[in-house]
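Let me begin by presenting the structure, written as structure tokens, before commenting on it.
The values are calculated or read from the model by the stated rules, or taken from the named source; none is laboratory data. Computed from a prediction, not measured in an experiment: that's the story for all the values here. We place every Cβ from the backbone using ideal geometry, glycine too, and count neighbours over all the protein chains shown.
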Amino acid sequence: MHSFMPFAKSRRRILPAAVLALPALLLGVQTAVAAQWKWLDAQGVVHYSDVPPPATVSARNVLQRPTQIVAPGQTAAPAPSPSSAPASARQPASSELEKKIAEKKSADQAAQEQAQLQQQQEQALQNQQNCLQAQKQLQILDSGQRMVQIDAQGQRNIMDDAQRAAEHARIAGLIAQYCR
């Protein structure tokens, strides 16, 4: 019996503390479970309740809504899924997504236009260089100097008048094409 004595003494100390703590614990759980609403009625009287105010009370007269407190042993209610949310709650996310898509399309279109503009500028520069080169060739051809063409075997052949006229027509076509 001597071995059970320490247990009996400690049990006597714990029992009064547990008896005093139990009501406080139960009061705390009850407070956590009992949600508090506070609202003003039509006469301006403040009401406190654990049930929501009647439908006749406007939303601006509701002074306090209960906060969701999870009592021990209970589980929190699952958050509503986006598909079960009202359409008005889903619309901002959808609108934001549509806005991002529109911005992306606009940015892609601007990038495509910029690339096209750069390509047009490069083509215009190339055309300008070709035009200047063709004009120089025409000036040399019209100067009356002897002109030499090199054939496929690498032989130098002096151009006669018919060859000069053909070359003049070819260069005039290049000028018409590149010098607009």
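Descriptive notes on the structure:
- Test result for residue 101, among the aliphatic types (A, V, I, L, M) and in contact with a Lys or Arg (Cβ under 8 Å, 6 or more places away or on another chain): no
- Top-ranked residue in segment 128-180 [being touching a Leu at 6+ places or on another chain (Cβ under 7 Å) and of a type in the set (D, E, K, R); ranked as surrounded by the fewest Cβ atoms within 10 Å (Cβ to Cβ)]: 164
- Unique match (being exposed (fewer than 10 other Cβ atoms within 10 Å of the Cβ) and modelled with pLDDT under 90) among 68, 91, 74: 68
- In segment 145-161 there is at least one residue matching the filter, namely being without any contact (Cβ under 8 Å) to a residue 60 or more places away in the chain and in a helix (DSSP H, G or I).
- Any hit, segment 106-119, residues being exposed (fewer than 11 other Cβ atoms within 10 Å of the Cβ), part of a loop (DSSP other than H, G, I, E, B) and polar (S, T, N, Q): no
- Within segment 118-144, the set of residues being among the small types (Gly, Ala, Ser) and free of Cβ contacts under 8 Å to residues at least 24 places away in the same chain comprises 124, 143, 144.
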